[in-house]
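Enquirer: Dropping the structure in here first, questions after.
The values are calculated or read from the model by the stated rules, or taken from the named source; none is laboratory data. The shown structure was predicted, so the numbers you read here are calculated from the model rather than taken from an experiment. All Cβ positions, glycine included, derive from the backbone under ideal geometry; neighbour counts span all protein chains shown. Heads up: the accessible areas ignore ligands, DNA and RNA and are worked out on the full protein's heavy atoms, side chains in. Shrake-Rupley method; radii C 1.70, N 1.55, O 1.52, S 1.80 Å.
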Amino acid sequence: GIVDAIDGSIAIAGSSNTIIDNKIDTISPSIRLGLADSNIIARNHVTGGLSIVSGSNNLVFANNLTSIRIFVGSNNTFFGNNIADDKPSLELDQWAVNNTFYANTFPANCSIRNNDAGTTFWDNGTIGNYWADYNGTDRNGDGIGDSPFIITAVKWDNEARGDVGFVAGQDNYPLMKPYDVERNSVVLPAAEAFPTM
């Protein structure tokens, strides 16, 4: 269940919760998951970001966010989200492993901080993400770029005493246009009415 709410934000510890169809205007992070597994965060309009302090098997779907940060988390799926231009737009810490991002819209010059994170999947095997600065071609007109999008990130380097850039992976199926979330086939549970006295 919800453990606290600071300055209009939502913080959850627990499993199988649904945060759906909210407008959250607060500083980052607007939604924070801690010890939170198998939750659905969908169709929220968030002026701050989403932070997974500790959580696995969560579905983060069709949200408008400024940033996503994963401290400790695995097997989370980020699908159809629109990420605004914030710095960093995406941050993956050391214990962020086996998380999947596809059908998301990332801004031009998307800022990614990857602090030695584990494996990150930048597509689902058939579709990837829309990267505003992808300049590839689509010769067969299937909406997927003919060449992968190379994902660059920064991480702290003790020897350099600062951030260094590196290749953090690739999106094998970059989208030529933002994904149309309204036409997808994912069915979310109906929102339950808030109990009133």
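Enquirer: Quick one: if the Förster radius is 30 Å, what FRET efficiency do Asp163 and Leu35 give, using the C-beta to C-beta distance and rounding to 0.05?
Expert: Working from the Cβ atoms, E equals 0.50.
Enquirer: Further question on the same structure: Cut-off under 22 Å on the C-alpha distance; same-chain residues fewer than 8 positions from Lys155 excluded. Which lysines are left, in chain and number order?
Expert: Lys87
Enquirer: Over the chain, what relative contact order in percent results from Cα pairs under 8 Å that are six or more residues apart?
Expert: 12 percent
Enquirer: At 7 Å along the Cα-to-beta-carbon direction for both Ala84 and Lys23, put a label point, then send me their distance in nm to one decimal.
Expert: Between Ala84 and Lys23, the simple spin-label model gives 1.3 nm.
Enquirer: Follow-up question, since we're still on this one. With the calculation restricted to Cα positions, what are the radius of gyration and Dmax of the stretch 74-157 in angstrom?
Expert: My reading of the Cα-based Rg and Dmax gives 13.0, 42 Å.
Enquirer: Can I ask one more? Name the residue farthest towards the positive end of the dipole of the chain from the options Ala62, Gly141, Val72, assuming +1 on Cβ of Lys and Arg, -1 on Cβ of Asp and Glu, about the Cα centre.
Expert: Sorting the options by dipole projection puts first Ala62.
Enquirer: Using amide H atoms built 1.01 Å from N in the peptide plane, name the residues 5+ places from Ala62, or on other chains, whose amide H lies under 5 Å from its own.
Expert: Close amide H contacts, sequence-distant or interchain: Arg43, Phe79, Gly80, Asn81.
Enquirer: How large is the dipole of the chain about the Cα centre if only Lys and Arg carry +1 and Asp and Glu carry -1, each at its Cβ, rounded to the nearest 20 debye?
Expert: 120 debye
Enquirer: Rounded to a whole number, what % of the accessible area of the chain do carbon and sulfur atoms account for, probe 1.4 Å?
Expert: Of all accessible area on the chain, carbon and sulfur atoms account for 51 percent.
Enquirer: Express the accessible area of the chain per residue in Å², computed with a 1.4 Å probe while the remaining protein chains stay in the model.
Expert: 52 Å²
Enquirer: Something else: What do you get for Rg/Rh over the chain if you use C-alpha atoms and the Kirkwood form of Rh?
Expert: Ratio value, two decimals: 0.98.
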